[in-house]
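For reference, the structure is listed below as structure tokens.
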Amino acid sequence: MSLKGSIKYVIQLLLLGILSCGEEVDTSILETYKGPVGLAFDVELFHSDSTIIRTHVKAKKQMEFATGDLEFPEGIDISFFDKEGNTTTTMRADKGFFDKTKNIYRGEGDVRVHNTEKDQKLSSEELFWDPNAKKIYTEKFVTIQEKETIFNGTGMESDDRFSEYKLFKVTNSRTILPGEGI
């Protein structure tokens, strides 16, 4: 062993002795980092089917985690298109999340959906979108405006175009007053 190697060995032994005689080492500093591993701004994601763009997801800020999950802390906007490329439905939320293992988006805060073809609008505090099942749903309170009528209920399920829906636990419905709407 060289002189340099011997000195290194002695220093390592001294450090080991000092560390083993001291207080317990705080192992919390060795915990796995669970924060974002990637950050992107002005994100635009397109989902296509048979080379036809079906959805367009936009967000000002996207955080990606080691699990592949995404968070959109400054809001998320999703547009749905028909085969001709026309916007049929829009969805927006104050904050958005994407769960990679379930392949489900979740919007929270002021969540709004608008079917532009039928002029139907939905408002809720939380909404899920399952791209595989092509449906949106929630178990939270929902307000739906359809032409001149407002429906309220808790829980809703619809196709992701919001053209056909089921409203659960309906609490009331009424005609819209002048100047009112969602």
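The values are calculated or read from the model by the stated rules, or taken from the named source; none is laboratory data. Since the model is a prediction, treat every value here as computed from it, not as a measurement. Please note: Cβ atoms are built from the backbone with ideal geometry, for glycine as well, and neighbour counts cover all protein chains shown. We work out accessible area using only protein heavy atoms, side chains counted, and drop any ligands, DNA or RNA first. Shrake-Rupley method; radii C 1.70, N 1.55, O 1.52, S 1.80 Å.
Rounded, prolate or oblate: which fits region 49-134, taking a ≥ b ≥ c as square roots of the Cα gyration tensor eigenvalues, rounded meaning a/c under 1.5, else prolate when a/b beats b/c? The shape class here is oblate. Once you have the alpha carbon radius of gyration of region 27-179, what is it after dividing by 2.2 N^0.38 Å, with N set to its residue count? The value comes to 1.15. The 3J(HN,Hα) values that the Karplus relation (6.51, -1.76, 1.60; θ = phi - 60°) gives for region 96-101 are, in residue order, x, 9, 10, 9, 5, 5 Hz. Gly and Pro appear as x. Other residues whose C-beta falls under 10 angstrom from the C-beta of GLU125 contribute a net charge of -3, scoring Lys and Arg +1 and Asp and Glu -1. Remark: the ALA40-ASP130 segment gains 30.1 nm on full extension, using 0.36 nm per residue and subtracting the alpha carbon distance. If the segment from LYS61 to ASP99 were pulled out straight at 0.36 nm per residue, it would be longer than the present Cα-Cα gap by 12.0 nm.
Relative contact order for region 93-151: 26 percent, from Cα pairs under 8 Å spaced at least 6 residues apart, divided by residue count.
Surface composition of region 92-133: carbon plus sulfur atoms hold 43% of the accessible area, using a 1.4 angstrom probe and ignoring ligands, DNA and RNA.
For region 108-148, backbone nitrogen atoms closer than 12 Å to the point 7 Å from THR87 Cα along Cα-to-C-beta are found at 114-117. Taking other residues whose beta carbon is less than 11 angstrom from the beta carbon of GLU146, and scoring Lys, Arg as +1 and Asp, Glu as -1, yields +1.
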